[in-house]
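Just below is one structure, and these are the notes that go with it.
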Amino acid sequence: MKTRTLLAATLAATLALAGCSKNDEPDGPTRAAVNIRTSIGGTIDAGNFGSRAAISADGSGNFEAGDVLGLYATVGATAKLANSAYTVGSTALWWDELSMTDPVAFAAYYPKAEAITDPAATIFNAATATNPDLLLATPVTASKGEDVALAFRHAMHRLTVNLSTDIDGWDIATARVSLAGMNASATVNITAGTVTPGEADATDGDYGTKTGAAATFVVAPQKVTTNADWIQITMDGEQYVYKVPANITLPGGTTAPLTALESGKTLTLNLALTRDGVTLTTGDIAAWDTQGTIDGEINIGGGDTPTDGNIDMTDMTADQVKAAIDAAIAAGITEFKLTGPIANLGIKEDYTQSTGNPFYNTGVTKVDLSGVTGWQTVAYSNFPDVTSSVAGLPAYTFYGCAALTEVVLPAEVKAIGLGAFLSCTSLSTINLKDVTHIGKQAFGFCEALTVVDLSAVINLYMEAFQETGLTALSLPEALAISGGLTANNFSSHTGSFGDCESLVSVNAPKLTSTGYKSFSGCSALTTLTLSALTEINDEAFYSCKKLTTENEGFGFAKEVTTVGEKAFGYCTGLTNPELPEATLINSYAFTGCTAMESLKLPKATRFGAYIANRCKSLTRIEATASGALTLSDGGSLDNGAVFGNQGTTGDLFDAANCTLVLNADKNTGGTGSPTVNGTTWANATWKSITNP
């Protein structure tokens, strides 16, 4: 190890305080100099990242004349020096400028920055720094006559990747190495000599790309996340990724989690690129302290060609499972049978990471999961008020598998997670007879899915079967549909069966509420069996153009008490709807029902605006409840636009061509309200007003 002895201020008989030149003589013959001794602890080879010739290959050594340190000196709470330039070999310090009686606390760092706003919390960016090898001194306290021994250490982390290969024709010297998901910055406390690592999976660290069989990066100390992309190797036009391993092997053979790249340490990864993958042969963290050894591998293809899609995941990592699937797909295999723990499939239930799932955007056509075990609770929705409680297929498992036609699930699967089959446009066969919960967008846009067994389903979340090819629904146990869809978010989403344009019939005998927009856009829907239904939510049957009142299709409404906004909007097949128990009719309830001739609401007492907007054929309305009839907010009908139109053109409703039937208590002088004034009532003039 190359070292040099530096007595920076023992020559101080002719040197002045920081800022003085060598020609400025101090007053008095007995002035005491501050004797500063420095040393640098091992690692980070300065040959790559600096010009300090006095640092050895392992990073230990000392400073050279001309190196400029940033120096701090404090006496009690009083700062005597703050980021002062201390030039090795020329700057002199004197005790009488600091304290002749009290101890002085010293701190230092290298290389000196022009300005430090807060020495206790300085942000250091290792990716952009000219010299990323920041050195921090361990703070010391000394008094007059004592040496100030500043021992510097490397504040950042050194990451070295050594590559080798046995593949004929590959020149490892042309390999390109880069880092993924790394933090660039760390918080440095100069006065304490400490570093706070950054969080894991940051995106602000671009450490560039290095070419050759060996690549060394000085990076900010930071936390790491198991299985996150880490080392990227480009060779022969292909990119291979080494992910963060879960554990390291400590000296003595014990293991511990790898959770961070530590300040002042070095990690060396020796990666062998072979036909069977990228294998980590050794990985020692050493120089200051030995942190441990990492063993792992990345399967990049090659080797034996798979002959089938049978994969036992039991003793495999998620990376190995994905590699096996990739290899089989590369060999032309499209049908898979998986066994072992579902966790080993490595499904990412976050949409932003779902494109990294094993089957995403592949040509797989069939997957048999009947032998998979260890099913866990899944995410039903990405809305925070929807929580998971049932085990099943993880969110986004088969998202984007446009070629997938069939999936076999075991009886243990009780839930289908958020977006699990989203955009699987060819999916036509799946066994769901044991499933009780189906998440948001679980089968969204599965246009080839026409028949499915939902006999055990209790809850369906919003957009669960949006734009599928379903023709008939039997939901004998369903208690709720379109879960997660509320008045606050439904404008940009749709219900469980929104826009299922082939859906003809629905049977859900236990359902008491439709949920928002549940059948919106189901333009072929004609038959509804909803015997327990009491509430029709907003836009539940919006644009169900074939829903009529001439057949059994409208019988479901006999017990309904509440009709939501636009609930039957643009149901152009409705002619004579009757809601015998409805008490609340919200705004635009029948807007655009251009074929509607009569509307019977015998118990309705509260009304929203424009309930018959653009109902051009409507010639008879029966609102025969006794007592006060009001706006939905309790206001007077005389002040509202319940029977008006929004706009002045188009298929307008005309009260002047409509007979209104009211309870006799609304006649002039009656006890009900509002009362009739000639042919005027509720802010509209009618063709005639009669009593039952």
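Bear in mind these aren't lab numbers, they're just calculated from the coordinates by the rules spelled out. Keep in mind that what you see is a predicted model, and the values were worked out from it rather than measured. Cβ atoms come from the backbone with ideal geometry, glycine included; neighbour counts cover every protein chain shown.
Worth a mention:
- Distances between placed amide hydrogens fall under 5 Å for Val104 paired with Ala142, Ser143, all partners being 5 or more residues away or on another chain.
- Amide H within-cut-off set for Tyr207, under 5 Å, with H built and near neighbours excluded: Leu179
- Two-decimal log10 I(q)/I(0) for region 361-444, as the Debye equation yields it once each C-alpha is a single scatterer, q = 0.12, 0.21 Å⁻¹: -0.30, -0.93
- Computed over region 649-692: relative contact order in percent, which uses C-alpha pairs under 8 Å that are six or more apart: 45 percent
- In order through region 360-377: 3J(HN,Hα) via Karplus (6.51 cos²θ - 1.76 cosθ + 1.60), integer Hz, x for Gly, Pro: 4, 6, 10, x, 4, 10, 9, 9, 9, 10, 5, x, 7, 10, x, 5, 10, 4
- Å³ per residue enclosed by the Cα convex hull of the chain: 232 Å³
- For region 626-642, backbone phi angles converted through the Karplus equation (6.51, -1.76, 1.60; θ = phi - 60°) give residue-by-residue couplings of 8, x, 7, 9, 10, 5, 4, 8, x, x, 6, 4, 5, 9, x, 10, 4 Hz, Gly and Pro being listed as x.
- Those lysines that a straight Cα-Cα span of less than 25 Å connects to Lys144, excepting residues fewer than 8 apart in one chain: Lys22, Lys80
- With neighbours defined as other Cβ atoms within 10 Å of a residue's Cβ, the residues Lys337, Lys414 order from fewest to most as Lys337, Lys414.
- Three-way shape call for region 427-511 based on the alpha-carbon gyration tensor, with the a/c threshold at 1.5: oblate
- Whether region 49-199 is rounded, prolate or oblate, judged on the alpha carbon gyration tensor where a/c under 1.5 counts as rounded: prolate
- Cut-off of 10 Å, at most 12 other beta carbons, DSSP loop: longest stretch of the chain lacking such GluC sites (Glu not before Pro): 200-549
- Fewest-first sequence of Asp102, Asp229, Asp67 by Cβ atoms within 10 Å of each Cβ: Asp102, Asp229, Asp67
- Only the Cβ atoms of Lys and Arg (+1) and of Asp and Glu (-1) were treated as charged; on that basis the dipole of region 105-254 about its Cα centre amounts to roughly 460 debye.
- Taking only the Cα atoms of region 432-565, the ratio Rg/Rh comes out at 0.92, with Rh defined as the Kirkwood radius.
- Counted by neighbouring Cβ atoms within 10 Å, the residues Thr397, Thr259, Thr494 run from fewest to most as Thr259, Thr494, Thr397.
- Put simply, the amide H of Asp368, placed in the peptide plane, has neighbours under 5 Å in Phe336, Lys337, Leu338, Val408, leaving out anything fewer than 5 places away on its chain.
- Separation between Cα centres of region 421-494 and region 621-663, rounded to whole Å: 37 Å
- Farthest toward the positive end of the dipole of the chain, out of His493, Leu631, Gly444, is the Cα of Leu631, where the dipole comes from beta carbon charges about the Cα centre.
- Straight-line reach from Lys600: taking Cα to Cα under 22 Å and skipping same-chain neighbours fewer than 8 places apart, the lysines in range are Lys545, Lys546, Lys558, Lys566, Lys616, Lys666, Lys687.
- Helix axis angle, 318-330 relative to the chain longest principal axis, alpha carbon, degrees: 70 degrees
- Straight-line reach from Lys366: taking Cα to Cα under 21 Å and skipping same-chain neighbours fewer than 8 places apart, the lysines in range are Lys322, Lys337, Lys348, Lys414, Lys433.
- The 3J(HN,Hα) values that the Karplus relation (6.51, -1.76, 1.60; θ = phi - 60°) gives for region 140-148 are, in residue order, 10, 10, 9, 10, 3, x, 9, 5, 9 Hz. Gly and Pro appear as x.
- Ellipticity estimate at 222 nm from DSSP helix runs (n ≥ 4, -39,500 (n - 2.57)) divided over the chain, nearest 500: -500 deg cm²/dmol
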